[in-house]
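Here's a structure for you.
The values are calculated or read from the model by the stated rules, or taken from the named source; none is laboratory data. Just so you know, these numbers come straight off a predicted model, no measurement behind them. Cβ placement follows ideal geometry from the backbone for every residue including glycine, while neighbour counts extend to all protein chains displayed. Areas reflect the complete protein model, heavy atoms only, side chains present, ligands, DNA and RNA absent. Shrake-Rupley method; radii C 1.70, N 1.55, O 1.52, S 1.80 Å.
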Amino acid sequence: MGIHYDVGRKSRADVQGKPSKFHFIIIKPTHYDDEGYPIQWLRSAIPSNTLACLYGLAEDCQNRNVLGDSVELKLHSYDETNRRVKPERIARMVRKDGGSALIALAGVQSNQFPRALDLARQFRALDIQVCIGGFHISGCVSMLPEIPQQIIDAQNEGISFFAGEAENQRLDEVLEDALHGTLKPLYNFMNDLPNLDSQPDPILPQKHIIRTAGSHSSFDLGRGCPYQCSFCTIINVQGRKSRSRSADDVERIIRRNYAQGINRFFITDDNFARNKDWEALFDRIIDLRQNHGFNIKFIIQVDTLCHRIDRFIEKACAAGVTRVFIGLENINPDNLLAAKKRQNKITEYREMLQEWRAHGATTYAGYILGFPSDTRESILRDIEIIKKELPLDLLEFFYLTPLPGSEDHLNLYRKNIWMDEDLNKYDLNHRVAHHDKMSDEEWENVYLEAWMTYYSPEHIETVLRRAATHPKGRPSNKLFLMLFFYLMVKLEGVHPLEGGFFRLKYRKDRRSSLPLESPFAFYSKYFAEIISKSMSYLKEGSRYYWLYYKLLKAPDRKSYSDTALQKSSDEEEEGLRLYKDTAGGEAAVEKKKKAQALRDRVAAKKVGAQYN
């Protein structure tokens, strides 16, 4: 059940007598591939947290009868990454059932905005109200001096927008306005970020979860980040102050999901290590696992200093964290400083990754290509350093992208420097700006080279050999994940975060700015693509799984070691290429030495004071 509030007002629906049914239809749109077809899968990889949050808020509105006792609020939800959205069919459903409707296009990122607009216009042509919300709208409202023309044009077509977060019963106002046909052009809550404690639960019906790989669900336990990374939109959309759900909230969310057979979760906090209540949240989850028999596991996202928080990694793994995504971003201190990512210390990377590995967690890291001092040679050199000296499992690459809502975007906007006008490309998997040292072609080529270099057969074998030496290493799982990442890029041409299983395409869903292909051209190409990809999947899978079975039988599988796994002395550590060959590496080592010497002096004074 959702949490109930005494709203202290009477709905206008009770007073004016509106239709007996109102359909609230929540859609998380996907975005288009390079040929203009929505990226959809039979099973998508990542569940939508925004969809879960908004569905939970809508369920709460339903429980509180916010539209009045005479109006039945009916909820419908679609994740377009794994379910086709047909506006005509939805309109027929509404007409057949009776009443009116509001389409909420939720969690719309910049790359999804063109698809969201296409859907919105189709619904408006069917005389159904539409409101679009998400990071693109919120980022533009929070950072730009004026609303982009695309949004103004859409408002003139009767499309409404929502900036900010919908908690604190803000959804009530939108639903009531939609019921009466008086939607505002813009609902702007960017200057009033809500507390999350005791808000309605993020929840999705089981029918959504079974459409994701591994039947994972997702929820957020906190929002906001204290750091100042110039490429990040989080800090300007969700703020820099940590806002957290309570331990009671997380228990209730888990219990509700567990009751419908869901026990695998992605906690979507951008940086869970900076959630001010992380320990209380982990303690409650540990209690559910150890004292109530809950077989639950989690994926979380953290920063590179999480290991400096006392017992954070230990408690995370005790709470069931088996995979952790780390914002590594780069191994060049000068690049990190240029992006205002001062919290990342490359001198901490090895210790942090080794500690996660010691606790049996699979580590992912994001790595950005295109910082000011990057060249093709430096990028490929740094990837080789990572492969040899950091015990990292999966690495995923991103273009440095000026996302609307980030400081980088605002700076280019103010200077009138070229950025690609096609928002569909702002998925971190396409180049949308120019680089000072690399040509456009060189930057695009090295981006693909980076993927193929890290996921080379030799390095996949290295990661598997490292995993096989640990009792919780799960080499078979790591092989599956590495193959998934590698093949999404190589065969599907999409970033793994947008990947899935068995690509679906529909001829009539093509982007409105592109011509509709003939049935013969479309289906012949699509079926040929299915056959070709299936053969490639079989070939690549057989190749690597044969390698895996050979590894299992290797007599030295438990004794394997390499530089990345070894604990090093200070002198050995300073001799690593991580510090010798990277821009600013040696300076970072000297800075760490000074900081440690200062800590040692402080500690010595404290000991001396105790004896005096």
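Would you tally the residues in region 427-458 being closer than 14 Å to Glu396 by Cα and part of a helix (DSSP H, G or I)?
9
So in region 411-425, with the set limited to residues that are in a helix (DSSP H, G or I) and within 22 Å of the chain's Cα centre (by Cα), which one is surrounded by the most Cβ atoms within 10 Å (Cβ to Cβ)? Break it down into steps so the answer makes sense when it comes.
Let us first name the residues in region 411-425 that are in a helix (DSSP H, G or I), namely 411-415, 423-425.
Restricting the remaining residues to those that are within 22 Å of the chain's Cα centre (by Cα) gives 423-425.
On the way: Leu423: 24, Asn424: 21, Lys425: 21.
Within region 411-425, the match that is surrounded by the most Cβ atoms within 10 Å (Cβ to Cβ) is Leu423.
So which of Asn188, Asn156 is in contact with a strand residue (DSSP E or B) (Cβ under 6 Å, 6 or more places away or on another chain) and open to solvent by 20 Å² or more (accessible area, probe 1.4 Å)?
Sole residue among the options that is in contact with a strand residue (DSSP E or B) (Cβ under 6 Å, 6 or more places away or on another chain) and open to solvent by 20 Å² or more (accessible area, probe 1.4 Å): Asn188.
Before we move on, is Gly158 on the phi > 0 side of the Ramachandran plot and of a type outside the set (Val, Ile, Thr)? Quick ask: steps written out before the conclusion?
Details: on the phi > 0 side of the Ramachandran plot: yes; of a type outside the set (Val, Ile, Thr): yes.
Yes; evaluated as a whole, the condition is true for this residue.
Would you check if Glu449 is over 29 Å from Ser542 (Cα atoms), open to solvent by 40 Å² or more (accessible area, probe 1.4 Å) and acidic (Asp, Glu)?
Values: over 29 Å from Ser542 (Cα atoms): no; open to solvent by 40 Å² or more (accessible area, probe 1.4 Å): yes; acidic (Asp, Glu): yes.
For Glu449, the condition - over 29 Å from Ser542 (Cα atoms), open to solvent by 40 Å² or more (accessible area, probe 1.4 Å) and acidic (Asp, Glu) - is not met.
Could I ask something else about it? Taking the options Leu464, Leu428, name whichever one is touching a Lys or Arg at 6+ places or on another chain (Cβ under 8 Å) and surrounded by 14 or more Cβ atoms within 10 Å (Cβ to Cβ). Step through it out loud before you land on a result.
Numbers: Leu428 fails: touching a Lys or Arg at 6+ places or on another chain (Cβ under 8 Å).
Residue meeting the stated conditions: Leu464.
Lys567: modelled with pLDDT under 90 and either under 28 Å from Tyr349 (Cα atoms) or of a type in the set (Phe, Trp, Tyr) (or both), yes or no? Break it down stepwise before answering.
Numbers: modelled with pLDDT under 90: yes; either under 28 Å from Tyr349 (Cα atoms) or of a type in the set (Phe, Trp, Tyr) (or both): yes.
In short, yes.
Hey, among Leu483, Leu487, Leu479, which residue is over 23 Å from Asn335 (Cβ atoms), part of a helix (DSSP H, G or I) and touching a Leu at 6+ places or on another chain (Cβ under 7 Å)? Don't jump to the end; show me each part of the working.
Details: Leu483 fails: touching a Leu at 6+ places or on another chain (Cβ under 7 Å); Leu487 fails: touching a Leu at 6+ places or on another chain (Cβ under 7 Å).
The match here is Leu479.
With region 290-374 as the region, which helices (runs of 4 or more DSSP H) entirely inside it contain at least 2 residues that are out of contact with any His (no Cβ under 6 Å at 6 or more places or on another chain), open to solvent by less than 10 Å² (accessible area, probe 1.4 Å) and among the hydrophobic types (A, V, I, L, M, F, W, C)?
Values: elements: 312-318, 333-338, 346-358.
Once the helices (runs of 4 or more DSSP H) in region 290-374 are filtered for at least 2 residues that are out of contact with any His (no Cβ under 6 Å at 6 or more places or on another chain), open to solvent by less than 10 Å² (accessible area, probe 1.4 Å) and among the hydrophobic types (A, V, I, L, M, F, W, C), what remains is 312-318, 346-358.
For the subset of region 243-279 comprising residues that are farther than 13 Å from Asp197 by Cα, of a type in the set (Gly, Ala, Ser) and out of contact with any Phe, Trp or Tyr (no Cβ under 7 Å at 6 or more places or on another chain), which member is least open to solvent (accessible area, probe 1.4 Å)?
So, considering only residues that are farther than 13 Å from Asp197 by Cα, of a type in the set (Gly, Ala, Ser) and out of contact with any Phe, Trp or Tyr (no Cβ under 7 Å at 6 or more places or on another chain), the one least open to solvent (accessible area, probe 1.4 Å) is Gly261.
Six or more apart or on different chains, Cβ atoms under 6 Å: show the pairs whose first residue is in region 335-350 and touching a residue at least 40 places away in the same chain (Cβ under 8 Å) and whose second is of a type in the set (Gly, Ala, Ser).
Between residues of region 335-350 that are touching a residue at least 40 places away in the same chain (Cβ under 8 Å) and residues that are of a type in the set (Gly, Ala, Ser), the close pairs are Asn335/Ser373; Ala339/Ser230; Lys340/Ser230; Ile346/Ala588; Thr347/Ala588.
Also: Tell me, which helices (runs of 4 or more DSSP H) lie completely within region 194-265 with 2 or more residues that are closer than 19 Å to Val321 by Cβ? Walk me through it before giving the result.
Working: elements: 206-209, 234-237, 247-259.
So the answer is 247-259.
Next question. Within the group Glu396, Glu351, which residue is within 21 Å of Thr322 (Cα to Cα), modelled with pLDDT under 95 and in contact with a helix residue (DSSP H, G or I) (Cβ under 7 Å, 6 or more places away or on another chain)? Before the answer, list the steps.
On the way: Glu396 fails: modelled with pLDDT under 95.
Within the list Glu396, Glu351, the selection yields Glu351.
Pick from Asp177, Asp192, Asp172: which is among the charged types (D, E, K, R) and either touching a residue at least 40 places away in the same chain (Cβ under 8 Å) or under 20 Å from Thr268 (Cβ atoms) (or both)? Reasoning before the result, please.
Details: Asp177 fails: either touching a residue at least 40 places away in the same chain (Cβ under 8 Å) or under 20 Å from Thr268 (Cβ atoms) (or both); Asp192 fails: either touching a residue at least 40 places away in the same chain (Cβ under 8 Å) or under 20 Å from Thr268 (Cβ atoms) (or both).
One residue alone meets the criteria, Asp172.
If you don't mind, there's one more thing I want to ask. Note down all Cβ pairs under 9 Å where the first residue falls in region 363-375 and is in contact (Cβ under 8 Å) with a residue 40 or more places away in the chain and over 29 Å from His470 (Cα atoms), the second is in a loop (DSSP other than H, G, I, E, B) and of a type in the set (Val, Ile, Thr), and they're at least six residues apart or on different chains.
Ile368/Thr401; Gly370/Thr401
Let's see how each residue does on (1) among the hydrophobic types (A, V, I, L, M, F, W, C); (2) farther than 22 Å from Gly56 by Cα; (3) more than 31 Å from the chain's Cα centre (by Cα):
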| position | (1), (2), (3) |
| --- | --- |
| His76 | no, no, no |
| Arg83 | no, no, no |
| Glu88 | no, yes, no |
| Arg95 | no, yes, yes |
| Ser100 | no, no, yes |
| Gly107 | no, no, no |
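Got a number for residues in region 91-128 being farther than 24 Å from Gly36 by Cα, basic (Lys, Arg) and surrounded by 24 or more Cβ atoms within 10 Å (Cβ to Cβ)?
0
Among the residues that make up region 295-305, is at least one of them within 29 Å of Asp334 (Cβ to Cβ) and among the hydroxyl-bearing types (Ser, Thr, Tyr)?
There is at least one residue in region 295-305 that is within 29 Å of Asp334 (Cβ to Cβ) and among the hydroxyl-bearing types (Ser, Thr, Tyr).
Still on this structure, please answer the following. Right, Asn236: crowded, with 20+ Cβ neighbours inside 10 Å and of a type outside the set (Asp, Glu) or not? Walk me through it before giving the result.
Details: crowded, with 20+ Cβ neighbours inside 10 Å: yes; of a type outside the set (Asp, Glu): yes.
Yes.
Next question. Assess whether Glu396 counts as being closer than 29 Å to Ala468 by Cα and part of a helix (DSSP H, G or I). Give the steps one after another, and end with the answer.
Values: closer than 29 Å to Ala468 by Cα: yes; part of a helix (DSSP H, G or I): no.
Criteria not met by Glu396.
Restricting the search to region 544-573, which residues are part of a helix (DSSP H, G or I) and either without any contact (Cβ under 8 Å) to a residue 12 or more places away in the chain or over 32 Å from the mean Cα position of the chain (by Cα) (or both)?
Start the filter on region 544-573 by keeping residues that are part of a helix (DSSP H, G or I), which leaves 544-553, 570-573.
The answer is Trp546, Tyr549, Lys550, Leu551, Leu552, Lys553, Asp570, Glu571, Glu572, Glu573.
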